[in-house]
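This report concerns only the one structure given below.
The values are calculated or read from the model by the stated rules, or taken from the named source; none is laboratory data. All values reported here derive from a predicted model rather than from experimental measurement. We place every Cβ from the backbone using ideal geometry, glycine too, and count neighbours over all the protein chains shown. Side chains included, ligands, DNA and RNA excluded: accessible areas come from the protein's heavy atoms. Shrake-Rupley method; radii C 1.70, N 1.55, O 1.52, S 1.80 Å.
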Amino acid sequence: QVQLVESGGGLVQAGGSLRLSCAASGRTLNMYPMGWFRQPPGMEREFVAAITWSGETAYADSVKGRFTISRDNTKNTVYLRMNSLKLDDTAVYYCAARRGTVWSRMAGSYEYWGQGTQVTVSS
């Protein structure tokens with residue numbers, strides 16, 4: 001049984017920064033691609049960023065240059081550093097893991113999900 005637990009969300013002013021963490025337990029996920037997704041109020045869940053075990057990364061265009069995904073395989077943890085936050089970044093952020101070796105933008109291809117952490121950006 002894999003468990004993913006996100007933390008680090010909160011309320012931040014526009015232009016500010018936050019770092020989200022996703023800690024995995026139950027099984028080592030060092031070889032699994034990991035992703036961050038978000039779900040704004042009243043909208044569909046959308047891809048934010050992904051990282052493979054080797055460190056290959058991918059980002060949604062809306063966050064490219066502002067967000068950075070990273071992982072510490074010794075701690076079984078994935079991070080999402082978010083800078084220059086905008087009002088549109090307000091959402092519940094989820095981390096996810098999928099079997100295999102390649103990353104994906106498709107939420108349906110991820111088998112394991114955390115419970116989500118709220119990020120609210122205020123003006």
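Being touching a residue at least 60 places away in the same chain (Cβ under 8 Å) and among the aromatic types (F, W, Y) holds for only one residue in Y79, Y59, and it is Y79.
Just checking: which of the strands (runs of 3 or more DSSP E) contained wholly in segment 48-123 hold 1 or more residues that are charged (D, E, K, R)? Can you show your working first?
Values: elements: 57-59, 67-72, 77-82, 91-97, 117-122.
Counting at least 1 such residues, we get 67-72, 77-82.
Take the conditions touching a strand residue (DSSP E or B) at 6+ places or on another chain (Cβ under 9 Å), open to solvent by 60 Å² or more (accessible area, probe 1.4 Å), more than 21 Å from Q1 (Cα to Cα) and in a strand (DSSP E or B) and apply them to R38. Does it pass? Write out each step before concluding.
On the way: touching a strand residue (DSSP E or B) at 6+ places or on another chain (Cβ under 9 Å): yes; open to solvent by 60 Å² or more (accessible area, probe 1.4 Å): no; more than 21 Å from Q1 (Cα to Cα): yes; in a strand (DSSP E or B): yes.
No; evaluated as a whole, the condition is false for this residue.
For segment 20-32, the candidate set comprises residues that are in a loop (DSSP other than H, G, I, E, B) and of a type in the set (A, V, I, L, M, F, W, C); within that set, the residue that is modelled with the lowest pLDDT is L29. State whether one or more residues within segment 53-66 are of a type in the set (A, V, I, L, M, F, W, C) and open to solvent by 60 Å² or more (accessible area, probe 1.4 Å). Checking segment 53-66: at least one residue is of a type in the set (A, V, I, L, M, F, W, C) and open to solvent by 60 Å² or more (accessible area, probe 1.4 Å).
The one condition from (1) over 21 Å from V5 (Cα atoms); (2) part of a loop (DSSP other than H, G, I, E, B); (3) under 15 Å from the mean Cα position of the chain (by Cα) that M43 does not meet is (3). Against the numbered list (1) open to solvent by 40 Å² or more (accessible area, probe 1.4 Å); (2) under 20 Å from D89 (Cα atoms); (3) polar (S, T, N, Q); (4) under 16 Å from the mean Cα position of the chain (by Cα), Q3 comes up short only at (2). Residue count for segment 67-97 satisfying the condition of being open to solvent by 40 Å² or more (accessible area, probe 1.4 Å) and modelled with pLDDT under 95: 5.
Scanning segment 6-18 for residues that are open to solvent by less than 50 Å² (accessible area, probe 1.4 Å) and assigned to a strand (DSSP E or B) returns E6, G10, V12, L18.
Kindly indicate whether any position in segment 8-19 is closer than 12 Å to G114 by Cα, in contact with a strand residue (DSSP E or B) (Cβ under 9 Å, 6 or more places away or on another chain) and modelled with pLDDT of 95 or more.
Checked segment 8-19: no residue is closer than 12 Å to G114 by Cα, in contact with a strand residue (DSSP E or B) (Cβ under 9 Å, 6 or more places away or on another chain) and modelled with pLDDT of 95 or more.
Count of segment 6-40 residues, restricted to those that are farther than 13 Å from R71 by Cβ, more than 14 Å from the chain's Cα centre (by Cα) and in contact (Cβ under 8 Å) with a residue 60 or more places away in the chain, is 8.
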